[in-house]
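Student: Below is one structure. I have some questions about it.
The values are calculated or read from the model by the stated rules, or taken from the named source; none is laboratory data. In this text, all values refer to a predicted model and were calculated from it rather than measured experimentally. Here Cβ is always computed from backbone atoms with ideal geometry, including for glycine, and neighbour counts include all displayed protein chains.
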Amino acid sequence: MKNSNLNKSVPGDQFEWPEFADEKIRIKVYSNRFANKSVTEAFQEVYGIDLTGASEKANETPREYRVGDIISTRLDNVAKDSVTFADVNYKGTVLCSANLYKYRKLRGGSPEAINAVVTDVKKDRITLDPIKPMTEEWINDTVANPVLQNVLGDPRTIKVRNLQLTAGGFTGKAVIPSTSGFVGEEYTVDAFIPGSQIVLNITDDFEQFIGKDVDAFVLNYIQKGDGMSLICSVKAYLTFLGHERLIEMFNRWCEDSPKWEKYSKAVHGGVVTGVINSSKKCGVFVEVPDLNITGMVKVAPEELVNYKPGLNVAVRLSSFDEETFYNKEVGQVQHVDPYIIEDGVLMKCNLKPILVFV
């Protein structure tokens, strides 16, 4: 008995089902007929329906969004009273929470794809912020791997502008590199530099930094309302510069090259930062500002009373204190790696310069 349901016409009468003795024969015929075609191609031929762009059309179905959702989009046009986003699939109005018109670079839109976060959802509209995800991504990446700021020859510093004294340190505005590059001018967030992090070691003149701009490394951040406030350190940046200089001098010292002789004879102005008197070490710690380093001058215990923090002294570089440790696995004393560099990034520096008074 023939299956009467098989004798049908499809929309547009473009195809009419042939009659088969049974379902097994029909399946066999079509399996042979469409063996070298995709499912989509077979479907199109049988039903006469053009499926070109079907996946794109499916994506045109309006989505529902929630606050915090991230949307990949482009800026199509930025006008005084509106911002048009490309590829945002929403049934209502799409608004922008940031005033992008003030950035000249963005007025014609932007061809590059960016991530925008949904900041508000109403019945017939959503509000997007394309700046926040970009800024937070840079901050989170930097805080997660702060050592990656230590690029030899090209440290990844952040500029903190217009410092102002506050309780415990300084406030300022930190320029975010990634966001600034995107909008075409400086984009800043709040920043805080603790008083202990404004210089390499010590200072009694904090007023000298008021209104100044400084280069710093990022240590961390705190959530501040809907935004972030960076915690920065000038000390960390100066320490890195000092480590760069120490590595250069240490290598010349190991080679006993003529350049080392030049380094060792140079006289530098220094500032006493503290003293130490223990069973293992006895001496005076001296900061050398023009080298951004701190070293120790070996001094007899009875002479330590002659040195107080803040005292100006003249010093020169004598040698390096080579650290050792006992390796239980090999049963012998070994040298600590003087420094570790990976892919151009200074991961660690254990160099301790020995100074002498001049």
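Student: What number of residues in the range 61-75 are closer than 21 Å to residue 124 by Cβ and within 27 Å of the chain's Cα centre (by Cα)? Give the steps one after another, and end with the answer.
Tutor: First, pick out the residues of the range 61-75 that are closer than 21 Å to residue 124 by Cβ: 61-69, 71, 73.
Filter once more, so that each one left must be within 27 Å of the chain's Cα centre (by Cα): 66-69, 71, 73.
The number of residues fulfilling the criteria is 6.
Student: For the range 152-165, which positions are crowded, with 19+ Cβ neighbours inside 10 Å and either among the hydrophobic types (A, V, I, L, M, F, W, C) or modelled with pLDDT under 95 (or both)? Walk me through how you get there before you give the answer.
Tutor: Step one: filter the range 152-165 for residues crowded, with 19+ Cβ neighbours inside 10 Å, giving 157-160, 163.
Once the filter is applied, which keeps residues that are crowded, with 19+ Cβ neighbours inside 10 Å and either among the hydrophobic types (A, V, I, L, M, F, W, C) or modelled with pLDDT under 95 (or both), the range 152-165 yields 158, 160, 163.
Student: Quick one: residue 217 ticks every box in (1) in contact with a Cys (Cβ under 8 Å, 6 or more places away or on another chain); (2) without any contact (Cβ under 8 Å) to a residue 40 or more places away in the chain; (3) assigned by TED's automatic domain parsing to the domain that holds residue 142 except a single one, so which number is it?
Tutor: Condition (2) is where residue 217 drops out.
Student: Suppose the filter is in contact with a helix residue (DSSP H, G or I) (Cβ under 6 Å, 6 or more places away or on another chain), closer than 20 Å to residue 71 by Cβ and at pLDDT 95 or above; does residue 179 pass it? Full working, then the answer.
Tutor: On the way: in contact with a helix residue (DSSP H, G or I) (Cβ under 6 Å, 6 or more places away or on another chain): yes; closer than 20 Å to residue 71 by Cβ: yes; at pLDDT 95 or above: yes.
Taking the combined requirement at face value, the residue satisfies it.
Student: Criterion first (part of a strand (DSSP E or B), more than 23 Å from the chain's Cα centre (by Cα) and surrounded by fewer than 18 Cβ atoms within 10 Å (Cβ to Cβ)) does residue 115 satisfy it? Lay out the reasoning, then the answer.
Tutor: Numbers: part of a strand (DSSP E or B): yes; more than 23 Å from the chain's Cα centre (by Cα): no; surrounded by fewer than 18 Cβ atoms within 10 Å (Cβ to Cβ): yes.
Judged against the criteria, residue 115 is not a match.
Student: A follow-up question, please. How many residues are surrounded by fewer than 17 Cβ atoms within 10 Å (Cβ to Cβ) and either at pLDDT 95 or above or charged (D, E, K, R) (or both) when one looks only at the range 191-221? Quick ask: steps written out before the conclusion?
Tutor: Applying the first criterion (surrounded by fewer than 17 Cβ atoms within 10 Å (Cβ to Cβ)) to the range 191-221 yields 194-196, 202-208, 210-213, 215, 220.
From what is left, the residues that are either at pLDDT 95 or above or charged (D, E, K, R) (or both) are 194-196, 204-208, 210-213, 215, 220.
Total meeting the criteria: 14.
Student: May I pose another question? Between 227, 168, which is in contact (Cβ under 8 Å) with a residue 12 or more places away in the chain, exposed (fewer than 15 other Cβ atoms within 10 Å of the Cβ) and either on the phi > 0 side of the Ramachandran plot or among the polar types (S, T, N, Q) (or both)? Please lay out each step first, then the result.
Tutor: Numbers: 227 fails: either on the phi > 0 side of the Ramachandran plot or among the polar types (S, T, N, Q) (or both).
The conditions single out 168.
Student: Could you please give the count of residues in the range 243-291 that are among the hydrophobic types (A, V, I, L, M, F, W, C), surrounded by fewer than 18 Cβ atoms within 10 Å (Cβ to Cβ) and in a helix (DSSP H, G or I)?
Tutor: So in the range 243-291, the residues among the hydrophobic types (A, V, I, L, M, F, W, C) come out as 246-247, 249-250, 253-254, 260, 266-267, 271-272, 275-276, 282, 284-286, 288, 291.
Now drop any that are not surrounded by fewer than 18 Cβ atoms within 10 Å (Cβ to Cβ), which leaves 247, 254, 266-267, 276, 282.
Add one more test, that the residue is in a helix (DSSP H, G or I), and what stays is 247, 254.
Of the residues in the range 243-291, 2 are among the hydrophobic types (A, V, I, L, M, F, W, C), surrounded by fewer than 18 Cβ atoms within 10 Å (Cβ to Cβ) and in a helix (DSSP H, G or I).
Student: Right, something else. Could you list, in sequence order, all residues of the range 122-151 that are assigned to a strand (DSSP E or B) and crowded, with 17+ Cβ neighbours inside 10 Å?
Tutor: Taking the range 122-151 as the starting set, the residues that turn out to be assigned to a strand (DSSP E or B) are 122, 125-129, 151.
The answer is 126, 127, 128, 129.
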